[in-house]
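What follows is one structure encoded as structure tokens, with my remarks underneath.
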Amino acid sequence: MKTIAGFLSGITVLITTFMSCTNTSTNTAPAAGISKQPFGEADGKPVDLYTLTNKNGVQVKISTYGGVITSWITPDKNGKQSSIVLGFDSLSGYLAKPPYFGALIGRYGNRIANGKFKIGDSTYTLATNNGKNSLHGGNKGFDKVVWTAATPNDSVASLALSYLSKDGEEGYPGNLQVNVVYTLTPDNELEITYDATTDKATPINLTQHSYFNLTGDHANTILGHKLQLDADYYTPVDTSLIPTGELKAVKGTPFDFTSPHLIGERIDSVPGGYDHNFVLNSKDGSLHQAATLTDSVSGRKLEVFTTEPGIQFYSGNFLNGSIKDNSGKPFNQHTGMCLETQHFPNSPNEPKFPNTILKPGEKYHTVTKYKISW
Ligand code: GLA
């Protein structure tokens, strides 16, 4: 059932309309900028939904609950507008805990084995929420909290979200101040910057968990999308999806996406489907292209750029139709896929993986851009 009460109760507040339109003479360009409307309440706090719009008709809606991208509307090659991510149009869909739909993930994206790690002589025990492991921050990760929003820059469509994760939250050490900025550019990029500081050494691995379906209709699967990844190696996993520690060459395996392949082409030979961290070839921490995803039917292309060393390609294996959208249409298996830029899963227990421990005085800073074209 469509729940629009939250939308109707609020008056849309236009904060600013600013980005310069190059074709102002035609009046056909949508109003570029950022606006907000009430989206309900969580933890006794009001939740807002921000809409970022650019002059090309791209529109991204982001909730202060979980920093969730609820919809990401773009044209297709015929100019038809639809959302390229799985989502709900009411907060209740998210309060029912869908598997991280569209959300910001933290304090640690993906799994930490047995919910335990050591820093120096101290052993820390995390909330375990995925069998014996801790997944995506524990029981109440950053995807389930209300973030504080600001619109800091009046020359771009930017939404700044901040959250203070307290010392001991979900078992993690240190007060961690997290700031995430979403910016929709005139070039159809959604840029996400992640910054954080801490007062005690802590693991940190922030990411974004949008499920993409470039057809714009989750009646279709993503098996007909073509994926290319700039990764010669991946991190194989055990049966509980914890990396074994090995970096394995993709060459000659179904994990070889160094040239474009249909996702459905070899998925049957990957038990359970793709749910793996790929080791990106670029190692210097600069912004580099990690992934390209295309759908020939809609003509849409999604390019992912990141400063991160890894990307989790998850092919929506656990979606099973039990969760439905606002019109009652189920989210079936493989109807969405995630490209989560990140450090490697379980790094705090794998000294050979790139470091994920942030110390007091250090600054955590990563950037990821999702660029859409059609
Ligand atoms: C991540 C994990 C998957 C799964 C999904 C959420 O991407 O790698 O194993 O837990 O989140 O369902």
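Throughout, read-outs are computed from the coordinates displayed, never taken from laboratory work. The structure displayed is predicted, hence computed values, not measured ones. For neighbour counting, all protein chains shown are included, and Cβ atoms are generated from backbone atoms with ideal geometry for every residue, glycine included.
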Of (1) within 16 Å of the ligand (Cβ to nearest atom); (2) of a type outside the set (Gly, Ala, Ser); (3) exposed (fewer than 15 other Cβ atoms within 10 Å of the Cβ), Lys283 satisfies every one except (1)
In region 247-258, what residues are away from the ligand (no atom under 16 Å from the Cβ) and either surrounded by 13 or more Cβ atoms within 10 Å (Cβ to Cβ) or part of a strand (DSSP E or B) (or both)?
-> Leu247, Lys248, Ala249, Val250, Thr253, Pro254, Asp256, Phe257, Thr258
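In the set Asn213, Asn205, which member is among the polar types (S, T, N, Q), crowded, with 17+ Cβ neighbours inside 10 Å, closer than 26 Å to Pro75 by Cβ and in contact with a strand residue (DSSP E or B) (Cβ under 8 Å, 6 or more places away or on another chain)? Steps first, answer last, please.
On the way: Asn205 fails: closer than 26 Å to Pro75 by Cβ.
Every option except Asn213 fails the conditions.
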Could you say which residue among Ala219, Ala290, Ala231 is out of contact with any strand residue (DSSP E or B) (no Cβ under 6 Å at 6 or more places or on another chain) and touching a residue at least 24 places away in the same chain (Cβ under 8 Å)?
-> Ala219
Checked region 49-75 for anything within 19 Å of Gly141 (Cα to Cα) and in contact with a Gly (Cβ under 9 Å, 6 or more places away or on another chain); matches are Ile62, Ser63, Tyr65, Gly66, Gly67, Val68, Ile69, Thr70
Scan region 207-244 for residues that are over 19 Å from the mean Cα position of the chain (by Cα), within 16 Å of the ligand (Cβ to nearest atom) and not in a loop (DSSP other than H, G, I, E, B) and jot them down.
-> Tyr234, Thr235, Val237, Pro243
Please give the number of the condition Ser63 fails out of (1) in contact with a Phe, Trp or Tyr (Cβ under 6 Å, 6 or more places away or on another chain); (2) farther than 25 Å from Ser158 by Cα; (3) of a type in the set (S, T, N, Q).
-> (2)
Output for Cβ contacts, cut-off 7 Å, separation at least six or different chains, first residue on the phi < 0 side of the Ramachandran plot in region 130-141, second aliphatic (A, V, I, L, M) and part of a strand (DSSP E or B), reads Asn133/Ile112; Ser134/Ile112; Gly141/Ile105
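Does Gly87 fit the bill of being more than 22 Å from Thr366 (Cβ to Cβ), surrounded by 22 or more Cβ atoms within 10 Å (Cβ to Cβ), of a type outside the set (A, V, I, L, M) and within 16 Å of the ligand (Cβ to nearest atom)? Please lay out each step first, then the result.
Numbers: more than 22 Å from Thr366 (Cβ to Cβ): yes; surrounded by 22 or more Cβ atoms within 10 Å (Cβ to Cβ): yes; of a type outside the set (A, V, I, L, M): yes; within 16 Å of the ligand (Cβ to nearest atom): yes.
Considered against the rule, which asks whether it is more than 22 Å from Thr366 (Cβ to Cβ), surrounded by 22 or more Cβ atoms within 10 Å (Cβ to Cβ), of a type outside the set (A, V, I, L, M) and within 16 Å of the ligand (Cβ to nearest atom), Gly87 comes out as yes.
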How many residues does region 118-172 hold that are among the small types (Gly, Ala, Ser), within 16 Å of the ligand (Cβ to nearest atom) and touching a Phe, Trp or Tyr at 6+ places or on another chain (Cβ under 7 Å)?
-> 1
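If you go through region 94-115, how many residues are away from the ligand (no atom under 11 Å from the Cβ) and within 14 Å of Thr202 (Cβ to Cβ)? Reasoning before the result, please.
From region 94-115, those away from the ligand (no atom under 11 Å from the Cβ) are 94-96, 102, 104, 106-108, 112-115; that's our starting set.
Okay, now just the ones that are also within 14 Å of Thr202 (Cβ to Cβ), so 106-108, 112.
So the count comes out to 4.
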Sort out which residues of region 171-221 are of a type in the set (D, E, K, R) and within 18 Å of Thr341 (Cβ to Cβ), and write them in order of number.
-> Glu189, Glu191, Asp195
Within the group Ser298, Ser269, which residue is more than 21 Å from the chain's Cα centre (by Cα), away from the ligand (no atom under 16 Å from the Cβ) and buried (at least 19 other Cβ atoms within 10 Å of the Cβ)?
-> Ser298
Scope region 316-349; condition touching a residue at least 60 places away in the same chain (Cβ under 8 Å) and away from the ligand (no atom under 16 Å from the Cβ); matching residues | Asp325, Asn326, Ser327, Gly328, Lys329, Pro348, Asn349
